[in-house]
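Peer 1: One structure, as structure tokens, below. Some questions next.
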Amino acid sequence: MTSAHDFDGVIGRTVAESTPSWPTPKRPRAGAPNVVVVLIDDLGFSHFGCYGSTLATPTIDRLAANGLRYTNFHVTPLCSPTRAALLTGRNHHEVGMRSVSNFNTGFPNMRGEVSTSAATMAEVLSAEGYATFAVGKWHLCAMENASAAGPFDQWPCQRGFDRYYGFLDGETDQFSPDLVADNHRVEPPRRAEDGYHLSEDLVDRAVAMVRDTTSIRPDRPFFLYFAFGATHAPHQAPTSYVEKYRGAFDDGWDVARDAWFARQQELGVIPEGTALAPRNPGVEPWDSLPENHRLLAARLQEAYAGFLEHTDFQIGRLVDELAAIDQLDNTVLMVLSDNGASQEGGPFGVLHEMKFFNFILETPDDAVARLDDIGGPRSHTNYPWGWAQAGNTPFKWYKQNTHEGGVHVPLVVHWPTGIAAAARGTLRDQFHHVNDLAPTVYELLGVTAPAEFRGVPQMPVTGTSMRYTLDDPAAPSRKSVQYFEMMGHRALYLDGWKAVTRHTPGVAFDDDTWELYHVAIDRSECHDLAGDEPERLAAMVERWWAEAEDHGVLPLDDRTIELFAARFADGTVHRADRHYTYWPPVSPLPAQAGPSIGGRSWDLDASVDRPAGAQGVLFATGTENSGVSLFVLDDRLVFDYNFFGEHHVAVSDVPVPVGQGVLGVRFRRTGTGGTASVVIDGAPRGTVEIPTVMRVISSVGASIGFDHGSAVSERYEAPFAFEGVLERLDIQLVTPRPDDAAASEALSIMSRQ
């Protein structure tokens, strides 16, 4: 027979005539450190206490005091691209993640998944003998592939992680999350009313993974990638954390920004002479706001502050566990944000962030009636632009933008074994970028990124190791150039200078106005030198195009929400006839893997065999904050259209028959509103008028035969599973959205304000 792979002994006729051999498994070098990367979502440069804010982050402050704070660290302006760059050590366009993974434009720079030509840190370290774990937000696979049907090739366990627990989409409800364990969906272990919160659950799972590996295989160090859903919207935290901040922000964002800026100067996290950027357009002076505007804005910031402090406490639990099992000192622990503070709450802030994506400007006068819901399960809040800019102090603009407010974030590195005692608590001001973290880890561990991985040739790692900064705070930055691009916004950093342009959708890219800043001394981009140094600016713009060519940025593309329509192009998940048939039991569907019923007409038919008295949900999508549900209750067929807490309900005028039948709903859009009729065996049996149709219903997708997560309708408690037999469920999308073009343009404009 042919000799077995990796066998270099001798095989004779008998054991006595044979020589055994055992292949030597790949093992990290003796004393190799663990690696933990903690990624926080939508957190600005000043939000940590150790970077200037008055918000309570004692764990992170303690890590900074015993480690290093990086004051000139940059990311991409959006979540999925930063994650792709962090895990691969390459620029986000070249690995296929120009924007969020919900999109696929058909070009190599936006595939909605990370190229297999760019192995992740988990893949590289796993091959070197590390145990690898991912916990929390993933957002690196195409969302139509995030259902129980897969394919799973871009899920965490297929991209190098041994174990995974978290959520695959860009956000989830913190009290009723959409959860995945390894390669299958799971329900949260408790409900909100029992004290459940996602961040706490994530730490529980991470600790269990780490304790298992260190107890059973202490010879294997571990890599833990911990990506909180916090502090992305919805801003939700236990009541005690939110109430702690009651009244703390009543003086407003102007006072807070001034105070945080002063603290930054005292702490030295901004260079001497840095100016505080002026208010962004749309951010009004606090004292000029009407009372209801101030009431709402202050409460929304209280929710954010409570959410951040709660997150810090969970990080503290993880740190304490590492210390308890004697792993903390030799763990390279990095804490950072994926982009700057979010502008997606609009000028006033919102109780329901999905209103932003429905072009509904929720006024403070409407929202103040529900102030006490803010931060809890019955809200999906995001703060207003004024508080977002405060979080980005001293910078201007926000997440999505390539100005410093969108891309300049804190980074804390803690590693007692590898950072000299005299250096702990000090600052590092070298310019660096998130694509530098992977090569830094590789150098620290003595690992070389492979030229070929699993038979696939690998693109070069384009990041620059930051290892040198651990030992020498005065060393010149080895990162001389870095481009930025997001939805047409562009920038180039080059040796202490930055050219940047804020793109307006629909404007020709060549007509964008470029600004020029000497960020080595003007960190907050307050002094535009474009008019003073036109030759330098022209050379930098030309260099931007060269970098774009080299790193796969082109073609430039300023489309956003309209790219959701591109998922229908290949006719796989979403058939050309827009007909969907489900054969229960079916696992919950992520929003993009299910039928897109928002903003259009549609039909639903559920074929059932119903015993007498049987009730329950046939179809639901969304949460208690917004959604749609069709169910049987008290022998009647009920349709509940939950428009951000306003319930529009149709109830059948006859009982639902016993035995086999078809129960359904006919939804017809008429202008901005619509009608919904419940249907029994083809006959309309009750109708409700819908004043305003939701175009984007929820980030939580559909469930069939039960209501996954929090209850869409107030008339039952979730999951309220159907007690009969649901044989099949059919959904037919009847018409395209009539407002696609106009809505896409409106949202593109709104999202860049």
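Peer 1: Along Cα→Cβ, 7 Å out, is where each label goes; now give me the distance between the ones at residue 647 and residue 728 in nm to one decimal.
Peer 2: That separation, rounded to one decimal, is 3.3 nm.
Peer 1: Turning to a different aspect of this structure: Could you check the spin-label model distance between residue 217 and residue 554? Points 7 Å from the Cα along Cα→Cβ, value in nm.
Peer 2: Taking the simple label geometry, residue 217 and residue 554 are separated by 4.6 nm.
Peer 1: In addition: Identify, among 663, 88, 236, the residue whose Cα sits farthest towards the positive end of the charge dipole of the chain, taking +1 on the Cβ of Lys and Arg and -1 on the Cβ of Asp and Glu, with the dipole about the Cα centre.
Peer 2: 88
Peer 1: Apply the Karplus curve 6.51 cos²θ - 1.76 cosθ + 1.60, θ = phi - 60°, to the phi angles in the range 378-390 and return the couplings in whole Hz, x for Gly and Pro.
Peer 2: 8, 8, 9, 8, 8, 7, x, 4, x, 6, 5, 5, 4
Peer 1: What's the extension gain from residue 670 to residue 609 if we count 0.36 nm per residue and subtract their Cα-Cα distance?
Peer 2: On the way: separation 61, 0.36 × 61 = 21.96 nm, distance 3.32 nm.
Once the chain is fully extended between residue 670 and residue 609, it gains 18.6 nm.
Peer 1: For the range 477-486, what does the Karplus curve 6.51 cos²θ - 1.76 cosθ + 1.60, with θ = phi - 60°, yield as ³J(HN,Hα) per residue in whole Hz, taken in order and with x for Gly and Pro?
Peer 2: 5, 8, 9, 8, 9, 7, 8, 9, 7, 7
Peer 1: Where does each of 380, 489 land when they are ranked from fewest to most other beta-carbon atoms within 10 angstrom? Numbers along the way, then the final one.
Peer 2: Numbers: 380 26, 489 23.
Going from sparsest to densest Cβ surroundings: 489, 380.
Peer 1: Moving to a separate point now. Considering lysine pairs in the chain that are 8 or more places apart or on different chains, how many have Cα atoms under 22 Å apart? Let's see the in-between values first.
Peer 2: Details: 137/399; 355/399; 396/498; 399/498; 479/498.
Counting lysine pairs in the chain gives 5.
Peer 1: Which value, to two decimals, describes the C-alpha radius of gyration of the range 481-550 once divided by 2.2 N^0.38 Å?
Peer 2: Working it through for the range 481-550, the quotient is 1.03.
Peer 1: Quickly rank 723-734, 189-200 as a protection proxy: mean count of other C-beta atoms within 10 Å, highest first. Don't jump to the answer; show the numbers that get you there.
Peer 2: Working: 723-734: 18.0, 189-200: 16.0.
Ranking the peptides 723-734, 189-200 by packing returns 723-734, 189-200.
Peer 1: Next question, about the same structure. With point charges of +1 on the Cβ of Lys and Arg and -1 on the Cβ of Asp and Glu, referenced to the Cα centre of the chain, which listed residue (349, 21, 195) lies farthest in the positive direction of the dipole?
Peer 2: It is 21, whose Cα lies furthest towards the positive end.
Peer 1: Which whole number in µm²/s is D for the chain by Stokes-Einstein, with the Kirkwood Rh taken over Cα pairs at 37 °C and 0.692 mPa s? Walk me through the numbers on the way to the answer.
Peer 2: Details: Rh = 27.0 Å.
It comes out at roughly 121 µm²/s.
Peer 1: Could I ask something else about it? Over the chain, what relative contact order in percent results from Cα pairs under 8 Å that are six or more residues apart? List each step's numbers first, then the result.
Peer 2: On the way: 1789 pairs, mean separation 118.7, N = 753.
Here the relative contact order equals 16 percent.
Peer 1: Between residue 30 and residue 183, what's the calculated FRET efficiency when r is the beta-carbon distance and R0 is 41 Å? Round to 0.05. Walk me through the numbers on the way to the answer.
Peer 2: Numbers: r = 34 Å, r/R0 = 0.82.
Efficiency at R0 = 41 Å is approximately 0.75.
Peer 1: So for 50, 79, fewest C-beta neighbours within 10 Å to most, what's the order? Write out the running numbers ahead of the final one.
Peer 2: Values: 50 20, 79 28.
So the ranking, lowest neighbour count to highest, is 50, 79.
Peer 1: For the range 243-260, in order, what is each residue's ³J(HN,Hα) by Karplus, 6.51 cos²θ - 1.76 cosθ + 1.60 with θ = phi - 60°, in whole Hz (x at glycine and Pro)?
Peer 2: 5, 4, 9, 4, x, 5, 10, 5, 7, x, 6, 5, 5, 5, 4, 4, 5, 5
Peer 1: Follow-up. What residues qualify as long-range amide H neighbours of residue 515, i.e. H under 5 Å apart, gap of 5 or more or another chain, H built at 1.01 Å from N?
Peer 2: 500, 501
Peer 1: Skipping prolines and chain starts, which residues have an amide H placed within reach, meaning under 5 Å, of the one on residue 426, given they are 5 or more residues away or on another chain?
Peer 2: Under 5 Å from the amide H of residue 426 lie the amide H atoms of 69, each far enough along the sequence or on another chain.
Peer 1: Between residue 458 and residues 5 or more places away or on another chain, which pairs have amide H atoms under 5 Å apart, with H built 1.01 Å from N, and which residues are they?
Peer 2: 452, 453
Peer 1: Give, rounded to the nearest 20 debye, the magnitude of the charge dipole that the chain has about its Cα centre when Lys and Arg contribute +1 at Cβ and Asp and Glu contribute -1 at Cβ. Let's see the in-between values first.
Peer 2: Details: 61 positive and 99 negative charges, 234 e Å.
Using only the charged Cβ atoms, the result is roughly 1120 debye.
Peer 1: Then there is this: What full-extension length gain, to one decimal in nm, is calculated for residue 272 and residue 581 as 0.36 nm per residue of separation minus the Cα-Cα distance? Walk me through the intermediate numbers first.
Peer 2: On the way: separation 309, 0.36 × 309 = 111.24 nm, distance 6.32 nm.
Contour length minus Cα-Cα distance gives 104.9 nm.
Peer 1: Arrange 101, 215 by Cβ neighbour counts within 10 Å, fewest through most, would you? All intermediate terms of the calculation are to be shown ahead of the outcome.
Peer 2: On the way: 101 30, 215 9.
Placing the least packed residue first, the sequence is 215, 101.
Peer 1: Using the Cα centre of the range 34-450 as origin and beta-carbon charges of +1 (Lys, Arg) and -1 (Asp, Glu), tell me which of 72, 318, 249 is placed farthest towards the positive end of the dipole.
Peer 2: Farthest along the dipole direction, towards plus: 72.
Peer 1: Put a dot 7 Å past each Cα toward the Cβ at residue 526 and residue 542; how far apart are the dots in nm?
Peer 2: Inter-label distance under the simple model: 3.3 nm.
Any read-out appearing in this document is the output of simple, stated calculations on the displayed coordinates, not a laboratory observation. Predicted model only: the values in this text are computed from it and were never measured. Neighbour counts are summed over all protein chains in view; Cβ atoms, including those assigned to glycine, are modelled from backbone coordinates with ideal geometry.
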